[in-house]
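Since the structure comes first, as structure tokens, the remarks are kept for the end.
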Amino acid sequence: MQAQAARATNNVVSLDYSSATDSKSLWEEVSCNLCGSKSRKVKYQGTTDPDTEKLLSSYSASGNFVSKETLVECVDCGLIYTSPRLRRDLILKSYTEAEDPTYVSQADGRIKSFERCLDAVEEFKKGGSILDIGAAAGFFLKVAKERGWKTYGIEPSKYLSDYGNKNYGVNITCGTLDSVPAPAEKLDCITLWDVLEHTFDPKEVLRTCNSYLKEDGIVVINYPNIGNLMAKMAGRNYWFILSVHLYYFVPKTIKAMLETAGFEVVSSKPHFQWLQLGYLTYRLEAYLPKPAKMMGKLFKSLSLDQTLIPYFAAQTRVIARKVRSV
Ligand SMILES: [Zn+2]
């Protein structure tokens, strides 16, 4: 197969499928990441043959392709995940090459959200060293740096990590937890904002976090809670069922995974975000194209498209303390 270029409205990636012989080899089956079981039941039946090229272009910080893949639930522990899923190397390549001006355009709202997030972190840690995994454009680290934290970040997208370093000087290394060397010092806090559900091996990510933290260090995760009442009512139409999400946690499975990685949950609360009205209607277009476009035009005509509003979309923020080394 020839090297191909995929273009989406808001991000540009070039994809090389030369190693793939047919579309089937682009997908892989995975077993349960939490307990290792291969026994699972189908939660939502999907397909493996959507437009793969277009699908891969969605692997970016603001990727919002509604998932058509199959979601399964582990019979033994209840973890919900996507299987089969696109091959790890293909997804990673897309993240690395993604340019994401849509994400960056929401700087004001995201920074405001992260100020609240850091308030929550500081209830458990007053300061020190902090690593943000999947740091994107560095908005959270900018807030942390201004409050005196020593900041580190890891981000696969070169475009986003360059943006953060250039604009905020927050020490983001381009790469993943696998490719970037461990920090030179043990850390007080590690954050994963909208990140764990994107990772290939979340249990290993949390174990690595454990090894990077000081004895009483904390890890902070927010995740789309598919067990939330709003998510349950929406069913397959739950707005966070996206191709970029490989895992779907509920409080019970995130707690179990944190415990296997040497953590104890100390807080679990609804997670609010702030975004511009215009951006929310853009995101809504994936589900209700016509009404969302009409609303978008209306807000623009009333000059309300830049207005920041808080919203809750069935996300949960969990804070866990390291209780043993793993
Ligand atoms: Zn399991």
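With protein chains left intact and a 1.4 Å probe, residues in region 235-294 average 45 Å² of accessible area per residue.
Restricting region 274-326 to trypsin sites (Lys or Arg not before Pro) that sit in a DSSP loop and have at most 14 other Cβ atoms within 10 Å of their own Cβ leaves Arg324.
A simple rule links phi to the HN-Hα coupling: the Karplus curve 6.51 cos²θ - 1.76 cosθ + 1.60 with θ = phi - 60°, which for region 144-161 gives 5, 4, 5, 9, x, 6, 8, 9, 9, x, 10, 8, x, 7, 5, 4, 6, 5 Hz, with x for Gly and Pro. Under Stokes-Einstein, with the Kirkwood radius over Cα pairs as Rh, the value for the chain at 10 °C and 1.306 mPa s is 78 µm²/s. Beta bridges assigned by DSSP with both partners in the chain are antiparallel in approximately 65 percent of cases.
Of the GluC sites (Glu not before Pro) found in region 180-246, the ones in coil according to DSSP and having at most 12 other Cβ atoms within 10 Å of their Cβ are Glu185. DSSP loop GluC sites (Glu not before Pro) in region 90-137 with at most 11 other Cβ atoms within 10 Å of their Cβ, which ones? Listed in order of number, the matching sites are Glu123. Based on DSSP H segments of at least four residues, each scored -39500 (n - 2.57), the chain has a per-residue ellipticity at 222 nm of -9000 deg cm²/dmol.
Close amide H partners of Lys150, meaning residues 5 or more places away or on another chain with modelled amide H under 5 Å apart, are Gly128, Ser129, Ile130. Within straight-line reach of Lys150, meaning a Cα separation under 19 Å, sit the following lysines at least 8 residues removed in sequence or on another chain: Lys125, Lys126, Lys142, Lys166, Lys186, Lys214. How many percent of the accessible area of the chain is carbon or sulfur, using a 1.4 Å probe? Within the chain, the accessible surface is 54 percent carbon and sulfur. Computed across region 142-210, the Kirkwood hydrodynamic radius from all distinct Cα-Cα pairs reaches 13.0 Å.
The values are calculated or read from the model by the stated rules, or taken from the named source; none is laboratory data. Because the structure is predicted, anything quoted here is derived from the model rather than measured. Cβ sites come from the backbone with ideal geometry, for glycine too, and all protein chains shown count toward neighbours. The accessibility values were calculated without ligands, DNA or RNA, using every heavy atom of the protein model including side chains. Shrake-Rupley method; radii C 1.70, N 1.55, O 1.52, S 1.80 Å.
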